[in-house]
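These notes concern the structure reproduced below.
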Amino acid sequence: MPRTLIEGSTGDDVSYLQERLNSLPPTLLPPLVVDGDFTAQTKERVEEFQSNNGLMVDGNVGPFTWTKLLGHATTTSSGFFVLGRYLYDRLGVKVLLRGVNKMCVFDGEDPEGLTSFSEIKQTGANTVRIVWAITTDLQPNGPATSAATLDTLISNALVNRLIPMIELHDATGNWGRLGELVDYWTQPSVIAIIEKHAQHLFVNIGNEVGDDTVSQEDFAEGYTDAIQRMRAAGIHTPLVIDASDFGKNLTMLNDTAATLLAADPDDNIVFSVHLYWSISCGADEAFIRSNLQHAVDLDYPLVVGEFSQFGGFPCGSPDGTSICSEGGKIDYRTILSACDGHGIGWYAWEWGPGNDFYDPLCAVMDMTPDRLFANLKPGWARDVALDSPFSIKNTSVTPASI
């Protein structure tokens, strides 16, 4: 869903165009300098490409030229869009997502993010994943959330120059509720909110929908239907799809990404894996790096929607079955390093407080005890936010378009 490029355009998407043109079979014209500047030389190469492919020769790279160049149908974007495995803003600037999750729907003391978002911004984050839901207790027919509050959350994120990614938590681990999520997103009141913020918004269809029993066929069919229903309803933001098995099954994304990208008339899908791969179950540095490398080699848009120092299944754990015990530890340092090396965006879980709701041990997943940046916890939280060379502070860039 790239923007239209003409002579005089500048941006990282122009660089992508130049790289694509240079990758084509040799022509009578010299290779382009990949500098993100749509010069007369770039226009000449575009015109040559158009002439060779039966297109109108005008030197402009719109939907028809992009479609021929990329090998799949495209439309024109007014917000964020994907090219290859990367994200770009509406100005054509490549954006690497660096942020945190915030459980807004469960935070009775800061339900609109008035405190949390400004505190999160102090890390240098450029995005926040807003945990939302259809009902406040996540149960069918439970107390309904307020669309007005969702609108306010998105607005408050943008006031703090945080790219908002909104998601629904109701179907976590429950494949049978995917359709309910789509029903929510396609309500007129919610569509109006999405359209209002469309230039700056990502819509994560559902958090961790489905457990480890979801088949590849069902996953592809279910999300194909979800994508097409949401596009038909007028939602044209990037749509984000979590992996199955509570977000952990990267193989599912590897095997279905091409099908789901082809199913989207907007060609604007991002895939999200939640890296709760525990060290105790064998997810050491080599495992993490090899799995992320394989996904990168498949060249689809991938982000890490959640990760932490804890949260993995505790294989053979001697101290109980809590995901926040020693057996549930995650090699988060390798995740930071590998994502930096591959240009993969990520969201840490979770700003806090509140992770101890079901399990007191999981207070270790709160990055702060009270939402305040000044009280950021030592250890993994400070590493992720500030201290690691791959931290938010050291790698996040907020685009001028926000």
Self-check item: Spans of helices (runs of 4 or more DSSP H) in segment 118-208 with at least 3 residues within 21 Å of the chain's Cα centre (by Cα) and not assigned by TED's automatic domain parsing to the domain that holds PRO238
Solution: none
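Tell me yes or no: at least one residue of segment 211-225 is within 18 Å of ALA133 (Cβ to Cβ) and modelled with pLDDT of 95 or more.
Within segment 211-225, not a single residue is within 18 Å of ALA133 (Cβ to Cβ) and modelled with pLDDT of 95 or more.
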Quiz item: Can you name the number of the only condition in (1) in contact with a helix residue (DSSP H, G or I) (Cβ under 6 Å, 6 or more places away or on another chain); (2) among the aliphatic types (A, V, I, L, M); (3) modelled with pLDDT under 95 that ALA400 fails?
Solution: (1)
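Looking at THR321, THR368, THR395 in this structure, which one is of a type in the set (Ser, Thr, Tyr) and under 21 Å from the mean Cα position of the chain (by Cα)?
Unique residue meeting the criteria: THR395.
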Quiz item: If only one of TYR358, TYR347 is of a type in the set (Ser, Thr, Tyr) and over 22 Å from LEU114 (Cα atoms), which one is it?
Solution: TYR358
Exercise. Kindly establish whether THR251 is β-branched (Val, Ile, Thr), buried (at least 16 other Cβ atoms within 10 Å of the Cβ), within 15 Å of the chain's Cα centre (by Cα) and not in a strand (DSSP E or B).
Key: no
Exercise. Check SER78, SER15 and return the single one that is under 30 Å from GLN199 (Cα atoms) and part of a loop (DSSP other than H, G, I, E, B).
Key: SER78
Exercise. Hey, could you check segment 148-174 for residues that are over 23 Å from ASP242 (Cα atoms) and not polar (S, T, N, Q) and say which is surrounded by the fewest Cβ atoms within 10 Å (Cβ to Cβ)?
Key: ALA148
Quiz item: Looking at GLY71, GLY84, GLY62, GLY36, which one is of a type in the set (Gly, Ala, Ser), modelled with pLDDT under 95 and surrounded by 17 or more Cβ atoms within 10 Å (Cβ to Cβ)?
Solution: GLY62
Self-check item: Residue match in segment 195-207 (condition: in contact (Cβ under 8 Å) with a residue 60 or more places away in the chain, in contact with a Lys or Arg (Cβ under 7 Å, 6 or more places away or on another chain) and at positive phi)
Solution: no
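Between GLY305, GLY316, GLY341, which is assigned by TED's automatic domain parsing to the domain that holds LEU250, in contact (Cβ under 8 Å) with a residue 24 or more places away in the chain and not in a loop (DSSP other than H, G, I, E, B)?
GLY305
The values are calculated or read from the model by the stated rules, or taken from the named source; none is laboratory data. Model, not experiment: these values are computed from the prediction. We place every Cβ from the backbone using ideal geometry, glycine too, and count neighbours over all the protein chains shown.
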